[in-house]
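Here's the structure we're looking at; comments come further down.
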Amino acid sequence: MQKASTLVVHPLKPVYDKNSRALILGTMPSPKSREYGFYYSHPQNRFWRVAAGLYNAPVPETNEEKASFLLQHRIAMWDVLKSCRIAGADDASISEPVPNDIAGLLKKTNIRRIFTTGTKATSLYRRFCYSKTGM
């Protein structure tokens, strides 16, 4: 039996500053990330351990440490979607997607590279944002 989807409006602000050079985009924060108030916050998610390993840095634990880590390394973080219907954290269940204003964010920064965190984020980015950003 499929889990019912619910309408989710993105609750997190993008993390960036004028020095950001790279943007990491997911689809929509998971229920745990929404609960904890920051990106990739589920305890089983490897994102922060991998990112810290890439920079040979300690794994950031608090939301403040995570934001500081990103900005220190000139990384911006957001999600492709402003809202959608989704069942839990199942990207395959996304329907009624509404994109965030990624092009608007790029105008406020020096971002030159955009990375997506999965197939669905890539697909949604190409569908809604690529023509507006050219990246």
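None of the figures in this text is laboratory data; all of them are computed from the coordinates on show. Given the structure is predicted, the values throughout are model-derived calculations rather than measurements. Cβ sites come from the backbone with ideal geometry, for glycine too, and all protein chains shown count toward neighbours.
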Worksheet item: In region 6-133, how many lysine pairs have Cα atoms under 22 Å apart, counting only pairs 8 or more places apart or on different chains?
Response: 24
Worksheet item: Where does each of Lys120, Lys108, Lys18 land when they are ranked from fewest to most other beta-carbon atoms within 10 angstrom?
Response: Lys18, Lys108, Lys120
Fill in: Cβ-derived FRET efficiency at R0 41 Å, Asp90 paired with Glu65, nearest 0.05
0.90
Discussion item. From the P(r) of region 6-133, could you give the percentage of C-alpha pairs in the tail past 17 Å?
Written reply: 56 percent
